[in-house]
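Structure, as structure tokens:
The values are calculated or read from the model by the stated rules, or taken from the named source; none is laboratory data. Because the structure is a prediction, the values reported are computed rather than measured. Positions of Cβ are backbone-derived with ideal geometry, glycine not excepted, and every protein chain shown enters the neighbour counts.
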Amino acid sequence: MNPKLFSAFAGVALVCGMVLVAGRGLTAAPAPVNDDYTVLDAIRHGNLTVFPVVAAKTHDTSDFMSLDEGLRSGDVVVKVQGLVRGQRSWGEHAIPTRGGPQVNTLVLVNNSKRPLLLLAGEIVTGGKQDRVIAKDRIVPAESDPIDLGVFCVEPGRWVGSSEQFGTARGYTFMAAPNVRAKAMADKDQAKVWSEVGKSRQSMSLEVPAAAPAINTTSSYPAMMQNAEVQKKLDDIAEPIRHDYESVIKQLRDQNAVGVVVVVNGEIVWADMFASTRLLEKYWPKLIRSYATEAVITKAKGATVTKKAAQEFLSNMQGRRETVESEPGVYRHTEITGDGFKAFELTSLLPKTGFDLHVAKMAD
């Protein structure tokens, strides 16, 4: 883990492969400054603002495959637990079914020769319910089947639409920050469903032409695919997407790697990647997820300065850290601080050892 993100606290307990770090009566030290990232001038459209972020250095991420790439090529297979088998050269492997279909139990196999990057918030469609990935992780090349941690984002359906999960319109959706937060930080199915319901209700009010369709489906992806909703999101997302892609091209040598996201005058989120190339893969669906948040959030009229965005990004002082690790593959660190939570995915694959993705949410 990047040492700048490590909080020095007493009391370390190792339980079931998970490290919990918590302060015990220590005098609070000054918040460590994460000077790996620098915030640039804002790009604004309506009530959505993004501050481009550049990094002190980037890394070679060309080996990593995105979920969209894997699903489109067929190298990545996602099915209900018990239905999927690996295709390793030494035979087939399967995760046994434990008492029938489970809402949050999907199995993924990576048959590619490249490692797969999964991001919390990516939505896979199909099966009996659409699901959102709950945690960033890396799936090694030619993997055995893994239990893919997910939450349902479609509370009203338990009828199979297809046995295999895939993409909508050839790519996966990224849930808006409000839904991502409930999956990543709260890790609570009821809260995810509640946030999906609030999003659908708000969207139907903000896009009246789409209300009849939104009100007759429980599917979050179906709402996102609605033509009227798409038009509304395009109005917000496309100008920023275009401007930021111009920034990426201009700043390629300066290592543009992410954004700090402001909605209605409040910082809500930040996403940073290990390379400009990796950011470019995810940028089109990330900006639409931020635009979704902007549509469904009530305006407050405040303005966030570049200095405030930099301070949000730099402060990584945590009261607690939770670390989960798959040896030789990845380390996932959750940092809980005052007014924020941060999530760091570090690659442990050969010739890596760097932070592949860092997400930070205002709490």
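Below is a table of values for the structure above.
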read-out: Matching residues, segment 289-299, being touching a strand residue (DSSP E or B) at 6+ places or on another chain (Cβ under 7 Å) and either of a type outside the set (Ser, Thr, Tyr) or free of Cβ contacts under 8 Å to residues at least 40 places away in the same chain (or both); value: Ala291, Glu293, Ala294
read-out: Pairs where the first residue, in segment 57-68, is at negative phi and touching a residue at least 40 places away in the same chain (Cβ under 8 Å) and the second is hydroxyl-bearing (Ser, Thr, Tyr) and in a helix (DSSP H, G or I), C-beta under 8 Å, 6+ apart; value: Thr58/Thr276; Ser66/Tyr282
read-out: Helices (runs of 4 or more DSSP H) contained entirely in segment 179-275, each with at least 2 residues that are surrounded by fewer than 22 Cβ atoms within 10 Å (Cβ to Cβ), without any contact (Cβ under 8 Å) to a residue 12 or more places away in the chain and of a type in the set (A, V, I, L, M, F, W, C); value: 189-206
read-out: Residue list for segment 303-334, filter: farther than 26 Å from Ala42 by Cα and in a strand (DSSP E or B); value: Arg320, Glu321, Thr322, Val323, Glu324, Ser325, Glu326, Tyr330, Arg331, His332, Thr333, Glu334
read-out: Scope segment 60-82; condition surrounded by fewer than 20 Cβ atoms within 10 Å (Cβ to Cβ), not in a helix (DSSP H, G or I) and not polar (S, T, N, Q); matching residues; value: Asp60, Asp63, Gly74, Asp75, Gly82
read-out: Matching residues, segment 309-336, being over 19 Å from the mean Cα position of the chain (by Cα), of a type outside the set (D, E, K, R) and modelled with pLDDT under 95; value: Ser314, Asn315, Gln317, Gly318
read-out: Top-ranked residue of segment 337-358 - restricted to ones that are among the aromatic types (Phe, Trp, Tyr) and outside any loop (DSSP other than H, G, I, E, B), ranked as farthest from Asp36 (Cα to Cα); value: Phe340
read-out: Complete set of residues in segment 55-76 that are at pLDDT below 95, among the hydrophobic types (A, V, I, L, M, F, W, C) and closer than 18 Å to Val257 by Cβ; value: Ala55, Ala56
read-out: Scan of segment 329-348 for residues that are of a type in the set (A, V, I, L, M, F, W, C) and buried (at least 18 other Cβ atoms within 10 Å of the Cβ), ordered by number; value: Ile335, Phe340, Ala342, Phe343, Leu345
